[in-house]
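Since the structure comes first, as C-alpha cells, the remarks are kept for the end.
Throughout, read-outs are computed from the coordinates displayed, never taken from laboratory work. No experiment lies behind these values; they were computed from the predicted model shown. FYI the Cβ positions are ideal-geometry reconstructions off the backbone, even for glycines, and counts take in every protein chain you see.
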Amino acid sequence: MKVLLLGKNGQVGWELQRSLAPLGELVSLDRHSTLADGGCGDLNDLGGLRETVARLRPDVIVNAAAHTAVDKAESEPAVARALNAAAPGVLAEAAHAVGALLVHYSTDYVFDGSGTAPWSEDAITGPLSVYGQTKLEGERLIAAAGSRHLIFRTSWVYAARGGNFAKTMLRLAQERDRLTVIDDQFGAPTGAELLADVTAHAIRQTLRNDADCGTYHLAAAGETTWNGYARFVLETARALKPDLATKAQEVAPVPTSAFPTAARRPLNSRLDTKRLRHTFGLTMPDWQRGVQRMLAEIL
Ligand code: NDP
C-alpha cells in the first residue's frame, strides 16, 4: 500500500509520519517538496498536486496541511481559501481519479458555538471566522468531488513539538504573579498523537469497508475552558517538577471579550465523538491524559 502525506511538518503531520509508517510505503511532503523531489507538496500549486497524485497513484492521501493562523486569515481570506478550500477540493478530484481514499482534517470552528450541547456531525454549521468558513468550504468541495474520504473535525490541537498553549502558560507563569485566561470558551484539548493514531486505525478499517467513509468528530474526552486548561497545566507541571520556578499564584477567569481578536471564536466547541467511537470501536481518552503526557515530555 502507498500513502501520500501532505503537511508532514505540522503538529499533526509530524505525528502522522510516525503513525502512518507501518501502513505501507509512505511518501511525506511539505510545502517545499517539488515534483523533482518525488512530489509537489505546496498547496498553492494545484497543477503540481494533481500531477503528484497522478504520478504516485497512492492508495491513501492524508492532507495535514492547512492555513491554521485563525486571526491572520481574517485579513487574507483569499490565501486561506486557496489552502483550506481549493487545495483539498483538487486533492479530492485527484484522489477520485486514481481511486485513492482522501483523509482530511477540519475544525470545531465550522460551528457558531451556540448552546452547550456537544455538536454532532449533522448539526447545522455556521462559521464565525474566515478560517471556519474556508475549512467548511473545503469539506464541501471534498464531498462534491465524489472521492472516498474521511474528514475528521477536531479541536484545540496541541503537540509536544513546536509552540503550544501549555508552553505559553508555563512561560507566563514564570514571568507574572497573576495570569488572566478566558473561561467562557468550552472544548477539549486534543493531542496530535491521538489524531494521528486514530487516523491510522480509521484508514485500515475504511479500506476494508467503504461504508465507513464520511465526516467524524475526533477530540479527546471531557471538556474544559482555556482557563481550566491553564490551571491544569500549571498544577501538573508543579507536580511533575516541584522545583519549577513559577511565580503565578492565580489564574483569573475572564470572558472572551477581555482579549479582542481579529477572528471571532465559538464559545461552545464541544464535539460529540459518538459516531467515531461506534464506527471504529475506539475509546477517546480524557483530555487530561494527553496533556499530562505532553508536559512530562517537555519539562
Ligand atoms: P499546523 O499549523 O501545525 O500545520 C499546518 C501545516 O500546513 C504546516 O506544516 C504548514 O507548513 C503547512 N502549510 C502551510 N501552508 C502550506 C502550503 N502552501 N503548502 C503546504 N503546506 C502548507 O496545523 P495542525 O497540525 O495543528 O493542523 C492540522 C489540521 O487540523 C488542519 O487541517 C487544521 O485546520 C486542523 N485543526 C487544527 C486545530 C488546531 O488547534 N491547530 C483545531 C482544529 C482543526 P509551514 O510550517 O511550512 O508553514
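Computed from backbone phi with θ = phi - 60° and the Karplus coefficients 6.51, -1.76 and 1.60, the 3J(HN,Hα) list for region 214-220 is x, 9, 9, 8, 10, 8, 4 Hz; x is used for glycine and proline. For region 173-238, the Cβ-based charge dipole about the Cα centre amounts to some 140 debye (Lys, Arg positive; Asp, Glu negative; other atoms uncharged). For a test of the definition: using alpha carbon positions, the gyration tensor, and the 1.5 limit on a/c, classify region 145-299 as rounded, prolate or oblate. Prolate is the answer for region 145-299, as a/c is 1.5 or above and a/b outweighs b/c. Prolate is the label for region 86-225, because the ratio a/c of its alpha-carbon gyration tensor axes (a ≥ b ≥ c) is 1.5 or higher and a/b is greater than b/c.
Does region 2-62 classify as rounded, prolate or oblate by the C-alpha gyration tensor (a ≥ b ≥ c root eigenvalues; a/c under 1.5 gives rounded; else a/b over b/c gives prolate, otherwise oblate)? In terms of gyration-tensor shape, oblate.
Which is farthest toward the positive dipole end of region 112-209 among Leu128, Ala159, Gly113, measuring Cα position about the Cα centre, with Cβ charges +1 (Lys, Arg) and -1 (Asp, Glu)? Of the candidates, Ala159 comes out farthest on the positive side. The residues packed around Val291, meaning those with a beta-carbon under 12 Å from its beta-carbon, carry a net charge of 0 if Lys and Arg are +1 and Asp and Glu are -1. Compute the acute angle (0 to 90°) between the alpha-carbon long axis of helix 130-145 and the principal axis of greatest extent of the alpha-carbon atoms of the chain; round to the nearest 10°. Here the helix axis deviates by roughly 30 degrees.
Net charge dipole, region 73-220: roughly 400 debye, given to the nearest 20, about the Cα centre with Cβ charges of +1 for Lys and Arg and -1 for Asp and Glu. The trypsin sites (Lys or Arg not before Pro) found in region 167-224 that occupy coil by DSSP, while having at most 15 further C-beta atoms within 10 Å, are Arg176. Quarter the surface of the alpha carbon convex hull of the chain and you get the mean projected area, 15.1 square nanometres. In this structure the amide hydrogen of Asp286, modeled in the peptide plane, comes within under 5 Å of the amide hydrogens of Ala221, none closer than 5 places in sequence on its chain. On a 25 Å Cα-Cα criterion, which of the cross-link pairs Lys8/Lys135; Lys8/Lys167; Lys241/Lys274; Lys8/Lys247; Lys167/Lys247 come out too long? Table pairs above 25 Å Cα-Cα are Lys241/Lys274; Lys8/Lys247.
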